[in-house]
Amino acid sequence: MAAALSLYLELEVSETGEFALHSDLPMPSSRDNLCVRAFERLHSADGFEFRVRSKIPPARGLGSSAAAIVAGLMSADHLFELDADLLAEASAVEGHPDNVAAALLGGFVVCADGKATRFEPPTGLEALAVVPDEKVSTRAARAALPAEVALGDAVFNVAHAALLTLGLVRGDWDQVARGLADRLHEQRRGSLFPRSLQLAERARALGALGATISGAGPTVLFWCFYEQTGAVAERLRGELDGWATLLRTPFEQQGAFVDDL
């Protein structure tokens, strides 16, 4: 499962006769850049200039790599009218479909069997992201998870994922709040971001519906009913001095799109 947030990456591609890459992020300025690598799955980057602008904090569990991959693929597909299977291509680069599906389609997505099923965010649901200054390696976060989990924990997460989906479709805030519980990854990764986990565990006391560790962490996503969002934001600001930044990141209905320049 994944959700699109209103944090955006913009990729501008121009045919100039030679390869060049310019970015406002500390990322590879060569063909190793994810935008370019994704572009080159569909067409050579020779003769094209790439300009990347992004508001997505990298290595924070907010899907910056997925956005870059989708942008590269969509630009090549649009320029050369390829009609490629963008979800399949993006999943192959990313290694899993959830983040790229949300970036591509917008809204909420459930991914299974190589396909993504999309549904609209419920009216009134908003999000706040607490983004720590320190990064967490995705590789380290994945290594923290065991190869096998207890049957009871697996059953717990399946049941609560179903409850969360039902709550989102119905706009039932109590079901959403209950459905945010996790036993598979947050506690096991907690040593990588202890302050994030401690803050997430206090989400209900701070006035939110609940909180989840975003992606592999360390960002904490606070889920709020819109009437709560302002008060929750004020309480959070008093908790973050010196170690994290607060971003208001509504759930985004619009998926990736292309504008001709």
hydroxyl-bearing (Ser, Thr, Tyr), touching a strand residue (DSSP E or B) at 6+ places or on another chain (Cβ under 6 Å) and not in a strand (DSSP E or B): which single residue out of 75, 65 fits that description? 75
Kindly provide the set of residues from the range 36-51 that are crowded, with 20+ Cβ neighbours inside 10 Å and either touching a Lys or Arg at 6+ places or on another chain (Cβ under 8 Å) or at pLDDT below 95 (or both), ordered by number. 45
So, in the range 201-224, of the ones that are more than 12 Å from the chain's Cα centre (by Cα) and among the aliphatic types (A, V, I, L, M), which residue ends up most open to solvent (accessible area, probe 1.4 Å)? 205
Restricting attention to the range 5-27, and to residues there that are under 21 Å from the mean Cα position of the chain (by Cα) and loosely packed, with under 14 Cβ neighbours inside 10 Å, which single residue is modelled with the highest pLDDT? 10
Looking only at the range 203-261, which residues are under 23 Å from residue 183 (Cβ atoms), hydrophobic (A, V, I, L, M, F, W, C), assigned to a loop (DSSP other than H, G, I, E, B) and touching a residue at least 24 places away in the same chain (Cβ under 8 Å)? 206, 208, 209, 216
Taking the options 257, 193, name whichever one is of a type in the set (Phe, Trp, Tyr), out of contact with any Gly (no Cβ under 7 Å at 6 or more places or on another chain) and either closer than 30 Å to residue 81 by Cβ or open to solvent by less than 50 Å² (accessible area, probe 1.4 Å) (or both). 257
Among the residues of the range 180-192, are any under 27 Å from residue 154 (Cα atoms), among the aliphatic types (A, V, I, L, M) and touching a residue at least 40 places away in the same chain (Cβ under 8 Å)? yes
Among (1) closer than 20 Å to residue 251 by Cβ; (2) surrounded by 20 or more Cβ atoms within 10 Å (Cβ to Cβ) - the single one residue 75 does not satisfy: (1)
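The values are calculated or read from the model by the stated rules, or taken from the named source; none is laboratory data. From a predicted model like this one, the values you see are computed outputs, not experimental measurements. Neighbour counts are summed over all protein chains in view; Cβ atoms, including those assigned to glycine, are modelled from backbone coordinates with ideal geometry. Calculation scope for accessible area: heavy atoms of the full protein, side chains included, ligands and nucleic acids excluded. Shrake-Rupley method; radii C 1.70, N 1.55, O 1.52, S 1.80 Å.
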